[in-house]
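Following: one structure in structure tokens, then a few remarks.
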């Protein structure tokens, strides 16, 4: 089989030598020929040349000069020099200036040249494969990092929005009681400032909604569940670590078909809620994550040892409220958005009647492979 993806460029100013080279090796390799160094450089700019085999004795640009240019402009090309003169000085000069990989003398042995060319082509193929793999890994790492940052931004923005809205609500309640005792002008000023604050908070909520819309278009794919769980725990550990310990039971080979960032966001919300529930007990608690596969469905349980959720609230907590404050509390942080994200990924989230610990237990379900494959 000819290595058509790795052409060999043979450069020689004597046409009989080119004819012999092509007839000898043309059936095994993709051969491209040039009669001068200048012509060779033009071909190197246009074609994915893998190996350069250049004759030393050429008018104008010598083989060493050509190899020197190729070393600078096309460093990935394997460079081999051919000469009828085997003096030591030429060899040393060729190696130093042209960065040669091999040095051949005329007349050559056909079997030896065939082996050298095969080894050179294999070397280039391996180097190109490694380069492509590195680029793929770098791109995947970049996408994972961007997803990680995206999840963190949305999570932090939601926390800020929630804190401000809660503080604003408390402040508004306190001011209603206090302003009745203020002089009219001061009361009017306070009410005006409070109105400005409410408008600013409304703008913040709108900004959060737009950011979430832009950053959360699901891009599902098959991902390893242990890696997603690990990343989510590392994100939340600074906040949860002081009040609860983690216990995880996830098979190493378990995969799920989701948008990776969406699932991390769901985990962040559930783990943050678990932290608050455990803090309410006043004692150190535990958060348990378990994942199993049932046919084509992955089932993930997130449970805590906190105060739990009353049975009559199991569905109500997933309903988005219509008021500004309640709607914002659910935007990017609350359980309604968790269910929205889960269902956008062909999954769901529910609360189990009983869980492995004393507190709440949430159950996530997602396909383990592309829904199209399952449906097919």
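The values are calculated or read from the model by the stated rules, or taken from the named source; none is laboratory data. Note that this is a predicted model, so its numbers are computed, not measured. Every residue, glycine among them, receives a Cβ derived from its backbone with ideal geometry; neighbour counts consider all protein chains shown.
A few remarks follow.
- Residues (exposed (fewer than 13 other Cβ atoms within 10 Å of the Cβ) and farther than 19 Å from residue 200 by Cβ) located in segment 166-182: 176, 177, 178, 180, 181
- Which numbered condition residue 11 fails, given (1) closer than 18 Å to residue 127 by Cβ; (2) surrounded by 16 or more Cβ atoms within 10 Å (Cβ to Cβ): (1)
Residues checked against (1) crowded, with 18+ Cβ neighbours inside 10 Å; (2) more than 31 Å from the chain's Cα centre (by Cα); (3) closer than 16 Å to residue 348 by Cβ; (4) touching a residue at least 24 places away in the same chain (Cβ under 8 Å):
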| residue | (1), (2), (3), (4) |
| --- | --- |
| 275 | yes, no, no, yes |
| 284 | no, yes, no, yes |
| 296 | no, no, yes, yes |
| 300 | yes, no, yes, yes |
| 311 | no, yes, no, yes |
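- Restricting 265, 247 to residues that are surrounded by fewer than 24 Cβ atoms within 10 Å (Cβ to Cβ) and assigned by TED's automatic domain parsing to the domain that holds residue 223 narrows the list to 247.
- Residues satisfying the stated conditions in segment 290-313, i.e. farther than 18 Å from residue 334 by Cβ and in a loop (DSSP other than H, G, I, E, B): 295, 296, 305
- Residue check, residue 332 under 25 Å from residue 358 (Cα atoms), outside any helix (DSSP H, G or I) and at pLDDT below 95: no
- Pairs linking a residue in segment 1-26 that is under 17 Å from residue 61 (Cβ atoms) and not assigned by TED's automatic domain parsing to the domain that holds residue 39 to a residue that is assigned to a helix (DSSP H, G or I) and at pLDDT below 90, with Cβ atoms under 9 Å and 6 or more positions apart or on different chains, do not occur.
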